1. In segment 194-211, is there at least one residue being under 20 Å from Pro121 (Cβ atoms), hydroxyl-bearing (Ser, Thr, Tyr) and crowded, with 19+ Cβ neighbours inside 10 Å?
2. Looking at segment 219-246, which of its residues are open to solvent by 10 Å² or more (accessible area, probe 1.4 Å), among the hydrophobic types (A, V, I, L, M, F, W, C) and more than 19 Å from Leu90 (Cα to Cα)?
3. Does Leu30 satisfy the criteria of being part of a loop (DSSP other than H, G, I, E, B) and either out of contact with any strand residue (DSSP E or B) (no Cβ under 9 Å at 6 or more places or on another chain) or crowded, with 23+ Cβ neighbours inside 10 Å (or both)?
4. Give Ala78, Ala104 a once-over and let me know the one that is open to solvent by 10 Å² or more (accessible area, probe 1.4 Å), within 24 Å of Leu187 (Cα to Cα) and either touching a helix residue (DSSP H, G or I) at 6+ places or on another chain (Cβ under 6 Å) or touching a residue at least 40 places away in the same chain (Cβ under 8 Å) (or both).
5. Return the residues of segment 111-136 that are open to solvent by 40 Å² or more (accessible area, probe 1.4 Å) and of a type outside the set (S, T, N, Q); say none if nothing qualifies.
6. Cβ-Cβ distance below 8 Å, separation of 6 or more or different chains: which pairs start in segment 14-34 with a residue that is on the phi > 0 side of the Ramachandran plot and end on one that is modelled with pLDDT of 95 or more and of a type in the set (Asp, Glu)?
7. Please go through segment 40-66 and give me each residue that is hydrophobic (A, V, I, L, M, F, W, C) and either in contact with a strand residue (DSSP E or B) (Cβ under 7 Å, 6 or more places away or on another chain) or part of a strand (DSSP E or B) (or both), ordered by number.
8. Can you pull out every residue in segment 4-13 that is in contact (Cβ under 8 Å) with a residue 60 or more places away in the chain, part of a strand (DSSP E or B) and open to solvent by 20 Å² or more (accessible area, probe 1.4 Å)?
Amino acid sequence: MEGYIELPRCTLRYRISGSGPAVVLLHGYLENLSIWEELTMELETDYTVLTIDLPGHGKSICKEEVIGMDFMADCVSAVMRSVSIRKAHLIGHSMGGYASLAFAERYPNWLAGLCLLHSTPNADTHEKRAARMTDIKLVKEGKKEQIVENNIPRLFANHNHQKFLGEINHMKLIARNTSETGIIGALNGMAQRPDRNHVIEQALFPVTMIFGKHDNLITIDVAQTLEDRHRKARTIYLENSGHMGFIEEPEQTLSAIKSILK
């Protein structure tokens, strides 16, 4: 079932299907809830699966100059409340992981577990923050296409580009359909987000981190540093993935997620 809820600062689209314990899937930057369709079909036989277009993405309209991770977390809680979900496993891809960490900080009692899928609790480095500001400038100059062409291929492992050319082109189409205001708001929100390593350290629920060994955005060195820091969390590596394991290694990612949920 697809639905919408109206909030004071945005309109949110969501989809819910299946039955059983709840799983909430949050997409990344320049994505929308459609990226979860295949994973949803695999999970909905045993779980209630809720997917959401995060503010400014997909069909969720938001015109805020800064779409912060706390705001995204509050939007997720509003959707969960509207469909009567008060306890769920939360799985966040990339930017969705940042929103998931904010949710875990604000609504810890709502979580049965947290999974960061190609995401990190670290704040942006100075260089990354500067790159986001450059992208904002490009959007304001009407050069969104340049961002799409620069960003989307890098999500996939370099050796997977030819193999997943169709999927890369599909992801480019999703990115092109993301509104300029949504892109600017999300970039500002990600640039301003705080370090949230303490959320993992203080978590009273299971935490899992899934990384791709060939990720261009989260290098293997960064992933291993996080693994060393968060020994009580479970860390899983996908051998042949970049930043898009659920596309590059769908069976391995599904197996990892099912093991987390069980």
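The values are calculated or read from the model by the stated rules, or taken from the named source; none is laboratory data. Bear in mind that the values here come from a model prediction, so they are computed numbers and not experimental data. Cβ placement follows ideal geometry from the backbone for every residue including glycine, while neighbour counts extend to all protein chains displayed. Calculation scope for accessible area: heavy atoms of the full protein, side chains included, ligands and nucleic acids excluded. Shrake-Rupley method; radii C 1.70, N 1.55, O 1.52, S 1.80 Å.
1. Yes; the residues of segment 194-211 include at least one that is under 20 Å from Pro121 (Cβ atoms), hydroxyl-bearing (Ser, Thr, Tyr) and crowded, with 19+ Cβ neighbours inside 10 Å.
2. Selection gives Ile220, Val222.
3. Yes.
4. The unique qualifying residue is Ala78.
5. Across segment 111-136, the qualifying residues are His126, Glu127, Lys128, Arg129, Ala130, Ala131, Met133.
6. Gly18/Glu44; Gly18/Asp46; Gly20/Asp46
7. Within segment 40-66, Leu43, Val49, Leu50, Ile52, Leu54, Ile61, Cys62 qualify.
8. Once the filter is applied, which keeps residues that are in contact (Cβ under 8 Å) with a residue 60 or more places away in the chain, part of a strand (DSSP E or B) and open to solvent by 20 Å² or more (accessible area, probe 1.4 Å), segment 4-13 yields Ile5, Leu7.
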